[in-house]
Ligand SMILES: N[C@@H](CCC[C@H](N)C(=O)O)C(=O)O
């Protein structure tokens, strides 16, 4: 089977985008793992599958898969890439809901929706204070996918990230952000991603980190998040929607077997 794809990235968080809007390829979990593998396949942090939308108001259906084959409810950087690829500021139909987008030159803004804070929404294995988890004093929220943010030393991402991702507190595992507050409008962030490991940037992780920082009184609602791959601008609106603005890049087109 020949599969056409577009290789893209958002701040170095890289994606294989497969457009199944007209012809949907049969992609089982083993094929996804192989395509994502950087030595035995094309290589990426997430594989993104486009489909014809099924909901009124949506322009394109989008699903996100991690290199371990697991499916994610949200992916901020890939959402910007899809908006760039499809064009005309599409509304994305994702597992996390309909996400409107805007384009201003090379800057793409995605409305990532409303964060959720209930233990069951994240989900956590049992009810607890999601602003101070009994695990590294992290703050947790869902951006359509599970996130926990640890404030302080960002060099702990590689050492603490893997164990925290799979801690029994997170029955569906979690993305773990490590954030250092630079000022009330600027933070530094590194994210250990569920099913992918340390990436150069994580859009939903940046949204979660700003939301959690605001809940802790550490930053304003509008904040620049500097990750290893570059900057995102996050705004948590008063209506509770989170806007994420940043670049999206096409790297090459290809066909794989
Ligand atoms: N790279 C992402 C998030 C991808 C999904 C995540 N690993 C998960 O399993 O929830 C982003 O930019 O948001």
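Computed from the coordinates by the stated procedures, all read-outs in this text should not be read as laboratory data. In this text the structure is predicted, and so the values were computed from the model without any measurement. Here Cβ is always computed from backbone atoms with ideal geometry, including for glycine, and neighbour counts include all displayed protein chains.
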Problem set entry | Between 0 and 90°, nearest 10: helix 76-86 axis offset from the chain longest Cα axis | 30 degrees
For this session: Distance between Cα centroids, region 197-235 to region 37-99: provide it in whole Å.
Result: 20 Å
Problem set entry | the chain - Rg and Dmax from Cα coordinates, angstrom | 17.1, 53
Exercise. Residues of region 6-25 with amide nitrogen under 20 Å from the 7 Å Cα-to-Cβ point of residue 253?
Worked result: 6-10, 15-25
For this session: Give me the angle, in degrees from 0 to 90, between the Cα long axis of helix 203-215 and the longest principal axis of the Cα atoms of the chain, rounded to the nearest 10.
Result: 20 degrees
For this session: Arrange the peptides 95-102, 242-249, 10-17 so that the one whose residues have, on average, the most other Cβ atoms within 10 Å appears first.
Result: 10-17, 242-249, 95-102
Exercise. If packing is taken as the mean number of other Cβ atoms within 10 Å per residue, what is the order of 155-162, 143-150, 212-219, 59-66, highest first?
Worked result: 143-150, 59-66, 212-219, 155-162
Problem set entry | Packing rank of 27-35, 86-94, where each peptide gets the mean count of other beta carbons within 10 Å, highest leading | 86-94, 27-35
Exercise. So how far apart, in nm, are the two label points at residue 222 and residue 29 if each is 7 Å from Cα heading toward Cβ?
Worked result: 4.4 nm
Seminar exercise, completed: Calculated from DSSP helices alone, with each H run of at least 4 adding -39500 (n - 2.57) and the total divided by the residues of the chain, [θ]222 nm to the nearest 500 comes to -4500 deg cm²/dmol
For this session: Give the shape of region 119-240 as rounded, prolate or oblate, defined through the alpha-carbon gyration tensor: a ≥ b ≥ c are the square roots of its eigenvalues, a/c under 1.5 means rounded, and otherwise the shape is prolate if a/b is larger than b/c and oblate if not.
Result: oblate
